[in-house]
Amino acid sequence: MPDVYKIGDLVWAKMKGFPPWPGRVSNPPKDLKRPASKKASHCIYFFGSENYGWIEESNLKPYEQYKEALIRANKSNAFKDAVEAIEKCAQNKGDETNKEDSDSVFDRLIDSDNEKKTKPKSHKKENAGKIIVKREYGSSGGSAAKRIKKDKKEDLEVTTNGDDHLASSFSPLRKGPGSNLLDRPANVTRPETPPLDLESVSQTLKEKNILPSTLKFGFLGLGIMGSGIVKNLLNSGHSVIVWNRTPDKCRDFVKAGAEEGLTPGDVVQAADITFSCVADPQAAKDMVFGNCGVLPEAGPSKGYVEMTGIDAETSQDIAEAITGKGGRYLEAQVQGSKTQAEEGTLVILAAGDRSLFDECQSCFEAMGKNSFYLGEVGNASKMNLVLQLMAGVTLAGLAEGMALADRAGLQQKDVLEVMELTSLACPTILDKGKAIIDASFPTHLPLQHLQKDLKLSLSLGDQLEQPLPLTASANEVFKHAKRLGYGEHDASAVYIRARF
(Lines give C-alpha, C1' and ligand atoms only; values in the text may rest on other atoms or scores of the structure.)
Protein backbone atom coordinates (compact mmCIF):
# COMPACT_ATOMS: atom_id res chain seq x y z
CA MET A 1 0.00 0.00 0.00
CA PRO A 2 1.55 3.36 -1.00
CA ASP A 3 2.18 5.99 1.68
CA VAL A 4 -0.64 8.48 2.16
CA TYR A 5 1.91 11.28 2.66
CA LYS A 6 5.00 12.21 0.69
CA ILE A 7 8.09 14.34 1.37
CA GLY A 8 7.15 18.02 1.53
CA ASP A 9 3.50 17.54 2.52
CA LEU A 10 2.29 19.98 5.19
CA VAL A 11 0.46 18.25 8.02
CA TRP A 12 -0.86 18.42 11.56
CA ALA A 13 1.21 15.99 13.67
CA LYS A 14 0.00 14.65 17.03
CA MET A 15 2.67 13.50 19.49
CA LYS A 16 1.63 11.87 22.79
CA GLY A 17 1.26 14.49 25.50
CA PHE A 18 1.07 17.44 23.07
CA PRO A 19 -1.64 19.17 21.00
CA PRO A 20 -1.64 18.78 17.18
CA TRP A 21 1.29 20.79 15.79
CA PRO A 22 2.12 22.23 12.33
CA GLY A 23 4.74 20.10 10.56
CA ARG A 24 6.14 18.94 7.24
CA VAL A 25 6.90 15.41 6.05
CA SER A 26 10.69 15.43 5.71
CA ASN A 27 13.78 13.37 5.14
CA PRO A 28 15.14 12.35 8.57
CA PRO A 29 18.42 13.88 9.83
CA LYS A 30 21.31 11.41 10.08
CA ASP A 31 21.20 11.32 13.89
CA LEU A 32 17.45 10.61 14.17
CA LYS A 33 16.87 6.92 14.97
CA ARG A 34 14.02 5.10 13.25
CA PRO A 35 11.25 3.85 15.57
CA ALA A 36 11.17 0.18 16.55
CA SER A 37 7.45 0.00 15.77
CA LYS A 38 6.51 -1.57 12.44
CA LYS A 39 3.56 0.78 11.98
CA ALA A 40 3.77 3.20 9.07
CA SER A 41 5.54 6.35 10.28
CA HIS A 42 6.91 9.53 8.75
CA CYS A 43 9.69 11.85 9.82
CA ILE A 44 8.09 15.21 10.68
CA TYR A 45 9.80 18.59 10.88
CA PHE A 46 7.98 20.65 13.52
CA PHE A 47 7.62 24.34 12.71
CA GLY A 48 8.47 26.82 15.44
CA SER A 49 10.54 24.42 17.55
CA GLU A 50 12.56 23.22 14.51
CA ASN A 51 12.62 19.67 15.91
CA TYR A 52 12.19 16.36 14.11
CA GLY A 53 10.29 13.28 15.21
CA TRP A 54 8.83 10.02 13.90
CA ILE A 55 5.04 10.18 13.93
CA GLU A 56 2.73 7.30 13.08
CA GLU A 57 0.64 7.88 9.97
CA SER A 58 -2.56 7.54 11.99
CA ASN A 59 -1.51 10.64 13.98
CA LEU A 60 -1.11 12.85 10.89
CA LYS A 61 -3.80 15.01 9.25
CA PRO A 62 -3.61 17.22 6.12
CA TYR A 63 -2.76 20.79 7.11
CA GLU A 64 -5.24 22.74 5.00
CA GLN A 65 -8.20 20.46 5.71
CA TYR A 66 -8.01 20.86 9.51
CA LYS A 67 -6.40 24.31 9.70
CA GLU A 68 -9.35 26.43 10.78
CA ALA A 69 -10.56 24.15 13.57
CA LEU A 70 -7.13 23.50 15.08
CA ILE A 71 -5.99 27.13 14.95
CA ARG A 72 -9.12 28.12 16.88
CA ALA A 73 -8.36 25.48 19.53
CA ASN A 74 -4.84 26.63 20.48
CA LYS A 75 -4.02 30.21 21.48
CA SER A 76 -0.46 29.86 22.85
CA ASN A 77 2.24 32.19 21.56
CA ALA A 78 4.50 29.30 20.55
CA PHE A 79 1.65 27.78 18.52
CA LYS A 80 0.96 31.10 16.77
CA ASP A 81 4.64 31.34 15.82
CA ALA A 82 4.55 27.80 14.42
CA VAL A 83 1.42 28.54 12.37
CA GLU A 84 3.03 31.70 11.01
CA ALA A 85 6.09 29.65 9.97
CA ILE A 86 4.06 26.96 8.20
CA GLU A 87 1.98 29.60 6.40
CA LYS A 88 5.18 31.17 5.05
CA CYS A 89 6.31 27.71 3.98
CA ALA A 90 2.99 27.11 2.21
CA GLN A 91 3.39 30.36 0.29
CA ASN A 92 6.95 29.50 -0.73
CA LYS A 93 6.58 25.76 -1.26
CA GLY A 94 9.32 24.47 -3.51
CA ASP A 95 11.30 27.67 -3.01
CA GLU A 96 14.73 27.88 -1.34
CA THR A 97 13.05 29.40 1.69
CA ASN A 98 11.49 25.99 2.34
CA LYS A 99 14.73 24.76 3.87
CA GLU A 100 14.97 22.63 6.98
CA ASP A 101 17.19 23.40 9.94
CA SER A 102 18.61 20.31 11.67
CA ASP A 103 21.01 22.06 14.06
CA SER A 104 18.66 21.75 17.01
CA VAL A 105 18.30 18.14 18.22
CA PHE A 106 16.59 18.48 21.59
CA ASP A 107 14.79 21.80 21.76
CA ARG A 108 11.37 21.75 23.38
CA LEU A 109 8.49 20.80 21.16
CA ILE A 110 6.45 23.61 22.63
CA ASP A 111 6.74 26.06 25.49
CA SER A 112 3.20 27.14 26.13
CA ASP A 113 4.10 28.77 29.43
CA ASN A 114 6.64 31.12 27.77
CA GLU A 115 5.12 34.57 27.76
CA LYS A 116 6.54 37.31 25.57
CA LYS A 117 7.74 40.13 27.73
CA THR A 118 6.44 43.56 26.91
CA LYS A 119 8.79 46.45 27.39
CA PRO A 120 7.01 49.61 28.49
CA LYS A 121 8.61 52.85 27.49
CA SER A 122 10.69 54.76 30.00
CA HIS A 123 8.95 57.54 31.85
CA LYS A 124 10.81 60.70 32.72
CA LYS A 125 9.91 62.94 35.62
CA GLU A 126 7.63 65.69 34.44
CA ASN A 127 9.11 68.03 37.04
CA ALA A 128 11.16 67.95 40.23
CA GLY A 129 8.10 67.49 42.37
CA LYS A 130 6.64 64.38 40.71
CA ILE A 131 7.53 60.74 40.24
CA ILE A 132 5.67 58.78 37.59
CA VAL A 133 5.12 55.08 38.22
CA LYS A 134 3.95 52.96 35.30
CA ARG A 135 1.47 50.29 36.34
CA GLU A 136 0.33 47.59 33.93
CA TYR A 137 -2.52 45.19 34.42
CA GLY A 138 -2.90 41.89 32.60
CA SER A 139 -6.14 40.03 32.11
CA SER A 140 -5.19 36.37 32.16
CA GLY A 141 -7.65 35.46 34.87
CA GLY A 142 -9.10 36.28 38.27
CA SER A 143 -11.85 38.63 39.29
CA ALA A 144 -9.58 41.67 39.04
CA ALA A 145 -9.26 41.06 35.31
CA LYS A 146 -13.01 41.40 34.89
CA ARG A 147 -12.92 44.86 36.43
CA ILE A 148 -9.91 46.12 34.52
CA LYS A 149 -9.83 46.38 30.76
CA LYS A 150 -7.23 44.14 29.11
CA ASP A 151 -3.74 45.64 29.10
CA LYS A 152 -4.95 48.85 30.72
CA LYS A 153 -2.09 51.15 31.60
CA GLU A 154 -2.34 53.59 34.47
CA ASP A 155 0.11 56.30 35.47
CA LEU A 156 0.34 56.93 39.19
CA GLU A 157 1.45 60.45 40.05
CA VAL A 158 3.14 60.88 43.40
CA THR A 159 3.47 64.55 44.27
CA THR A 160 6.42 65.15 46.56
CA ASN A 161 6.26 68.95 46.76
CA GLY A 162 10.00 68.95 47.19
CA ASP A 163 9.88 66.46 50.08
CA ASP A 164 13.10 64.49 49.63
CA HIS A 165 12.10 61.95 52.27
CA LEU A 166 8.96 60.99 50.37
CA ALA A 167 10.86 60.86 47.10
CA SER A 168 13.52 58.66 48.67
CA SER A 169 10.87 56.18 49.79
CA PHE A 170 10.81 55.09 46.16
CA SER A 171 14.59 54.81 45.91
CA PRO A 172 15.86 51.82 47.93
CA LEU A 173 15.01 49.35 45.21
CA ARG A 174 16.75 51.49 42.61
CA LYS A 175 19.99 50.47 44.30
CA GLY A 176 19.23 46.78 43.98
CA PRO A 177 19.36 44.51 40.92
CA GLY A 178 16.79 46.54 38.98
CA SER A 179 18.48 49.86 38.26
CA ASN A 180 15.88 52.54 37.53
CA LEU A 181 13.23 50.03 38.54
CA LEU A 182 10.31 52.40 38.37
CA ASP A 183 11.20 53.71 34.92
CA ARG A 184 12.09 50.48 33.14
CA PRO A 185 10.60 47.48 34.98
CA ALA A 186 11.07 45.11 32.03
CA ASN A 187 14.84 45.65 31.91
CA VAL A 188 15.66 44.19 35.33
CA THR A 189 19.15 42.72 35.54
CA ARG A 190 19.16 38.95 35.81
CA PRO A 191 20.43 37.84 39.24
CA GLU A 192 23.85 36.25 39.27
CA THR A 193 24.15 32.73 40.64
CA PRO A 194 27.40 32.30 42.56
CA PRO A 195 29.49 29.30 41.44
CA LEU A 196 28.90 26.07 43.34
CA ASP A 197 31.89 24.67 45.24
CA LEU A 198 31.59 20.99 44.37
CA GLU A 199 34.54 19.94 46.50
CA SER A 200 33.16 21.26 49.80
CA VAL A 201 31.12 18.74 51.79
CA SER A 202 28.43 20.11 54.07
CA GLN A 203 28.65 19.25 57.75
CA THR A 204 25.17 17.76 57.53
CA LEU A 205 26.28 15.32 54.83
CA LYS A 206 29.39 14.34 56.81
CA GLU A 207 27.27 13.48 59.84
CA LYS A 208 24.95 11.23 57.84
CA ASN A 209 27.65 8.64 57.13
CA ILE A 210 25.83 7.30 54.06
CA LEU A 211 26.54 3.91 52.51
CA PRO A 212 26.12 4.66 48.76
CA SER A 213 24.14 2.33 46.50
CA THR A 214 26.08 0.24 43.99
CA LEU A 215 23.61 1.24 41.25
CA LYS A 216 24.40 3.87 38.63
CA PHE A 217 22.24 7.00 38.74
CA GLY A 218 21.42 9.46 35.96
CA PHE A 219 20.46 13.07 36.58
CA LEU A 220 18.74 15.33 34.04
CA GLY A 221 18.83 19.06 34.81
CA LEU A 222 21.53 20.99 36.64
CA GLY A 223 19.52 24.06 37.59
CA ILE A 224 19.29 25.81 40.91
CA MET A 225 18.01 22.67 42.71
CA GLY A 226 19.59 19.95 40.57
CA SER A 227 23.12 21.29 41.01
CA GLY A 228 23.00 21.05 44.79
CA ILE A 229 21.39 17.61 44.69
CA VAL A 230 24.01 16.18 42.30
CA LYS A 231 26.81 17.70 44.39
CA ASN A 232 25.61 15.72 47.42
CA LEU A 233 25.15 12.54 45.39
CA LEU A 234 28.78 12.75 44.24
CA ASN A 235 30.12 13.71 47.67
CA SER A 236 28.31 10.76 49.24
CA GLY A 237 30.01 8.33 46.84
CA HIS A 238 27.26 7.65 44.29
CA SER A 239 28.03 6.97 40.64
CA VAL A 240 26.29 9.67 38.57
CA ILE A 241 25.92 10.47 34.86
CA VAL A 242 24.52 13.96 34.13
CA TRP A 243 22.88 15.89 31.30
CA ASN A 244 21.82 19.52 31.00
CA ARG A 245 20.28 21.58 28.20
CA THR A 246 23.31 23.87 28.49
CA PRO A 247 26.29 21.46 28.29
CA ASP A 248 28.69 23.99 29.87
CA LYS A 249 27.04 23.34 33.24
CA CYS A 250 28.19 19.71 33.11
CA ARG A 251 31.93 20.49 33.01
CA ASP A 252 32.49 21.12 36.70
CA PHE A 253 30.48 18.03 37.62
CA VAL A 254 32.55 15.91 35.24
CA LYS A 255 35.70 17.25 36.94
CA ALA A 256 34.15 16.27 40.28
CA GLY A 257 33.69 12.67 39.12
CA ALA A 258 30.44 12.54 37.16
CA GLU A 259 30.04 11.24 33.63
CA GLU A 260 28.23 13.25 30.95
CA GLY A 261 25.52 11.99 28.59
CA LEU A 262 25.00 13.64 25.21
CA THR A 263 21.21 13.30 25.36
CA PRO A 264 18.61 12.36 28.00
CA GLY A 265 18.20 9.05 26.18
CA ASP A 266 21.93 8.35 26.54
CA VAL A 267 21.71 8.99 30.29
CA VAL A 268 18.78 6.60 30.74
CA GLN A 269 20.53 3.97 28.66
CA ALA A 270 23.68 4.15 30.81
CA ALA A 271 21.99 4.43 34.23
CA ASP A 272 19.96 2.03 36.34
CA ILE A 273 17.82 4.83 37.81
CA THR A 274 17.46 8.32 36.33
CA PHE A 275 16.31 11.45 38.17
CA SER A 276 14.78 14.40 36.31
CA CYS A 277 14.67 17.89 37.82
CA VAL A 278 13.72 20.55 35.26
CA ALA A 279 11.73 23.80 35.19
CA ASP A 280 8.03 22.93 34.85
CA PRO A 281 5.45 20.36 33.68
CA GLN A 282 6.02 21.15 30.00
CA ALA A 283 9.79 20.70 30.33
CA ALA A 284 9.18 17.42 32.17
CA LYS A 285 7.02 16.19 29.27
CA ASP A 286 9.61 17.31 26.74
CA MET A 287 12.23 15.31 28.61
CA VAL A 288 10.21 12.12 28.29
CA PHE A 289 8.40 12.46 24.95
CA GLY A 290 10.76 14.73 23.01
CA ASN A 291 13.37 13.79 20.43
CA CYS A 292 16.35 11.92 21.92
CA GLY A 293 14.28 11.78 25.09
CA VAL A 294 13.80 9.28 27.86
CA LEU A 295 10.96 7.11 26.56
CA PRO A 296 12.75 5.03 23.89
CA GLU A 297 15.28 3.83 26.49
CA ALA A 298 12.83 3.28 29.36
CA GLY A 299 12.90 -0.53 29.32
CA PRO A 300 12.15 -3.18 31.99
CA SER A 301 15.48 -2.72 33.78
CA LYS A 302 15.14 1.06 34.14
CA GLY A 303 13.80 3.31 36.89
CA TYR A 304 12.69 6.91 36.34
CA VAL A 305 12.24 9.41 39.19
CA GLU A 306 10.51 12.73 38.42
CA MET A 307 11.63 15.51 40.79
CA THR A 308 10.22 18.44 38.78
CA GLY A 309 7.43 20.40 40.46
CA ILE A 310 4.45 19.18 38.42
CA ASP A 311 0.73 18.51 38.68
CA ALA A 312 -0.74 15.06 39.30
CA GLU A 313 -2.06 14.71 35.73
CA THR A 314 1.35 15.32 34.17
CA SER A 315 2.92 12.86 36.60
CA GLN A 316 0.32 10.23 35.73
CA ASP A 317 0.90 10.77 31.98
CA ILE A 318 4.64 10.24 32.43
CA ALA A 319 4.06 7.24 34.69
CA GLU A 320 1.79 5.64 32.08
CA ALA A 321 4.41 6.11 29.36
CA ILE A 322 7.31 4.77 31.46
CA THR A 323 5.45 1.75 32.82
CA GLY A 324 4.06 1.09 29.33
CA LYS A 325 7.66 0.47 28.22
CA GLY A 326 8.22 -1.89 31.17
CA GLY A 327 10.06 0.65 33.34
CA ARG A 328 9.35 1.73 36.91
CA TYR A 329 8.23 5.24 37.86
CA LEU A 330 8.40 7.31 41.04
CA GLU A 331 7.50 10.95 41.59
CA ALA A 332 9.75 12.54 44.20
CA GLN A 333 8.77 16.15 44.87
CA VAL A 334 11.12 18.21 47.02
CA GLN A 335 10.39 20.79 49.69
CA GLY A 336 13.19 23.29 50.17
CA SER A 337 15.28 25.81 48.30
CA LYS A 338 18.79 26.25 46.90
CA THR A 339 20.37 26.33 50.36
CA GLN A 340 18.64 23.14 51.50
CA ALA A 341 19.56 21.41 48.22
CA GLU A 342 23.25 22.24 48.75
CA GLU A 343 23.22 21.30 52.43
CA GLY A 344 21.33 18.06 51.87
CA THR A 345 18.38 19.03 54.08
CA LEU A 346 15.49 18.81 51.61
CA VAL A 347 12.25 16.96 52.40
CA ILE A 348 11.36 14.37 49.74
CA LEU A 349 7.71 13.51 49.01
CA ALA A 350 7.50 10.32 46.94
CA ALA A 351 4.73 8.27 45.34
CA GLY A 352 4.61 5.46 42.82
CA ASP A 353 6.69 2.28 42.61
CA ARG A 354 7.59 1.22 46.17
CA SER A 355 10.56 -0.92 45.13
CA LEU A 356 12.05 2.07 43.29
CA PHE A 357 11.53 4.22 46.39
CA ASP A 358 13.47 1.66 48.45
CA GLU A 359 16.32 1.50 45.92
CA CYS A 360 16.66 5.30 46.02
CA GLN A 361 17.00 5.49 49.81
CA SER A 362 20.75 6.16 49.86
CA CYS A 363 20.20 8.98 47.32
CA PHE A 364 17.36 10.44 49.34
CA GLU A 365 19.57 10.34 52.44
CA ALA A 366 22.18 12.38 50.57
CA MET A 367 19.59 14.86 49.30
CA GLY A 368 17.47 15.47 52.37
CA LYS A 369 16.70 15.05 56.03
CA ASN A 370 13.61 12.93 55.51
CA SER A 371 11.66 11.14 52.79
CA PHE A 372 8.01 10.11 52.77
CA TYR A 373 6.27 7.46 50.67
CA LEU A 374 2.68 8.60 49.96
CA GLY A 375 1.24 5.77 47.90
CA GLU A 376 -0.08 6.00 44.34
CA VAL A 377 1.24 8.33 41.65
CA GLY A 378 -0.16 11.84 42.03
CA ASN A 379 -0.28 11.96 45.82
CA ALA A 380 3.21 13.46 46.15
CA SER A 381 2.45 16.12 43.54
CA LYS A 382 -0.75 17.08 45.34
CA MET A 383 1.01 17.23 48.72
CA ASN A 384 3.74 19.43 47.25
CA LEU A 385 1.20 21.84 45.74
CA VAL A 386 -0.64 22.14 49.06
CA LEU A 387 2.62 23.11 50.80
CA GLN A 388 3.64 25.49 48.00
CA LEU A 389 0.23 27.14 48.18
CA MET A 390 0.81 27.86 51.87
CA ALA A 391 4.31 29.19 51.17
CA GLY A 392 3.10 31.49 48.39
CA VAL A 393 0.20 32.96 50.36
CA THR A 394 2.46 33.45 53.40
CA LEU A 395 5.14 35.21 51.36
CA ALA A 396 2.59 37.48 49.68
CA GLY A 397 1.33 38.41 53.16
CA LEU A 398 4.87 39.12 54.37
CA ALA A 399 5.55 41.37 51.37
CA GLU A 400 2.30 43.25 51.88
CA GLY A 401 2.98 43.73 55.59
CA MET A 402 6.52 45.00 54.97
CA ALA A 403 5.19 47.39 52.33
CA LEU A 404 2.60 48.73 54.78
CA ALA A 405 5.24 49.17 57.47
CA ASP A 406 7.43 51.15 55.10
CA ARG A 407 4.51 53.32 53.96
CA ALA A 408 3.56 53.93 57.60
CA GLY A 409 7.06 55.24 58.35
CA LEU A 410 8.21 52.21 60.38
CA GLN A 411 11.70 50.77 60.07
CA GLN A 412 11.44 47.37 58.39
CA LYS A 413 14.41 46.04 60.34
CA ASP A 414 12.50 46.85 63.55
CA VAL A 415 9.48 44.96 62.24
CA LEU A 416 11.65 41.92 61.53
CA GLU A 417 13.38 42.13 64.91
CA VAL A 418 10.06 42.18 66.74
CA MET A 419 8.65 39.41 64.53
CA GLU A 420 11.63 37.23 65.38
CA LEU A 421 10.49 37.22 69.03
CA THR A 422 6.91 36.24 68.21
CA SER A 423 5.19 33.03 67.16
CA LEU A 424 5.40 34.22 63.53
CA ALA A 425 9.14 33.56 63.50
CA CYS A 426 10.23 30.79 61.13
CA PRO A 427 13.20 30.39 58.75
CA THR A 428 11.20 31.30 55.64
CA ILE A 429 9.68 34.48 57.12
CA LEU A 430 13.00 35.67 58.53
CA ASP A 431 15.10 34.85 55.45
CA LYS A 432 12.65 36.44 53.03
CA GLY A 433 12.21 39.43 55.31
CA LYS A 434 15.97 40.06 55.28
CA ALA A 435 15.99 39.80 51.48
CA ILE A 436 13.23 42.41 51.30
CA ILE A 437 15.16 44.80 53.54
CA ASP A 438 18.39 44.30 51.55
CA ALA A 439 16.47 44.64 48.25
CA SER A 440 18.89 42.21 46.59
CA PHE A 441 16.66 39.12 46.14
CA PRO A 442 19.43 36.52 45.51
CA THR A 443 17.71 33.47 44.05
CA HIS A 444 17.03 30.60 46.42
CA LEU A 445 13.53 29.79 45.19
CA PRO A 446 12.82 31.44 41.81
CA LEU A 447 9.71 33.61 41.86
CA GLN A 448 8.50 32.12 38.57
CA HIS A 449 8.67 28.60 40.03
CA LEU A 450 6.53 29.53 43.04
CA GLN A 451 4.06 31.31 40.76
CA LYS A 452 3.90 28.19 38.60
CA ASP A 453 3.03 26.14 41.70
CA LEU A 454 0.32 28.60 42.72
CA LYS A 455 -1.17 28.29 39.23
CA LEU A 456 -1.11 24.48 39.46
CA SER A 457 -2.70 24.68 42.93
CA LEU A 458 -5.54 26.76 41.51
CA SER A 459 -6.02 24.20 38.73
CA LEU A 460 -6.24 21.43 41.34
CA GLY A 461 -8.79 23.50 43.25
CA ASP A 462 -10.86 23.91 40.09
CA GLN A 463 -10.87 20.17 39.49
CA LEU A 464 -12.05 19.51 43.05
CA GLU A 465 -14.41 22.51 43.18
CA GLN A 466 -12.48 23.80 46.19
CA PRO A 467 -12.53 27.62 46.50
CA LEU A 468 -9.03 29.12 46.86
CA PRO A 469 -9.61 32.91 47.05
CA LEU A 470 -6.38 33.75 48.92
CA THR A 471 -4.33 31.64 46.51
CA ALA A 472 -5.94 33.38 43.54
CA SER A 473 -5.04 36.79 44.95
CA ALA A 474 -1.48 35.74 45.77
CA ASN A 475 -1.08 34.30 42.28
CA GLU A 476 -2.05 37.63 40.71
CA VAL A 477 0.54 39.44 42.81
CA PHE A 478 3.26 36.95 41.83
CA LYS A 479 2.22 37.13 38.17
CA HIS A 480 2.59 40.89 38.19
CA ALA A 481 6.04 40.71 39.83
CA LYS A 482 7.03 38.17 37.17
CA ARG A 483 5.78 40.48 34.44
CA LEU A 484 7.88 43.29 35.89
CA GLY A 485 10.96 41.17 35.15
CA TYR A 486 11.55 39.45 38.51
CA GLY A 487 10.72 35.87 37.52
CA GLU A 488 14.31 34.64 37.87
CA HIS A 489 14.90 36.50 41.14
CA ASP A 490 14.04 35.01 44.50
CA ALA A 491 10.37 34.72 45.39
CA SER A 492 10.88 37.47 47.98
CA ALA A 493 10.99 39.90 45.01
CA VAL A 494 7.19 39.76 45.12
CA TYR A 495 7.71 42.72 47.46
CA ILE A 496 8.29 44.85 44.35
CA ARG A 497 4.64 44.39 43.39
CA ALA A 498 3.38 44.83 46.96
CA ARG A 499 5.33 48.07 47.46
CA PHE A 500 4.57 49.75 44.16
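Here are some notes:
- Counted over all Cα-Cα pairs of the range 424-500, pairs farther apart than 16 Å make up 51 percent.
- If you take the Cα centroid of the range 245-270 and the Cα centroid of the range 375-437, the two points sit 36 Å apart.
- Pairs over the 24 Å Cα-Cα cut-off, from the set K216/K325; K39/K325; K39/K88; K434/K482: K39/K88.
- Sequence ranges 241-247, 210-216, ranked by mean other-Cβ count within 10 angstrom, highest first: 241-247, 210-216
- Taking the Kirkwood radius as Rh and the Cα radius of gyration as Rg, the range 414-456 has a ratio of Rg/Rh equal to 1.06.
- Rolling a 1.4 Å probe over the protein heavy atoms gives the range 366-500 an accessible area of 47 Å² per residue.
- Largest accessible area first, the listed residues W54, W12 line up as W54, W12 when surface is computed with a 1.4 Å probe on the assembled protein chains.
The values are calculated or read from the model by the stated rules, or taken from the named source; none is laboratory data. Everything numeric here is computed off the predicted structure, so don't read it as measured data. Glycine gets a Cβ as well: all are built from the backbone with ideal geometry, and neighbour counts include every protein chain shown. With ligands, DNA and RNA removed, areas are computed over all heavy atoms of the protein, side chains included. Shrake-Rupley method; radii C 1.70, N 1.55, O 1.52, S 1.80 Å.
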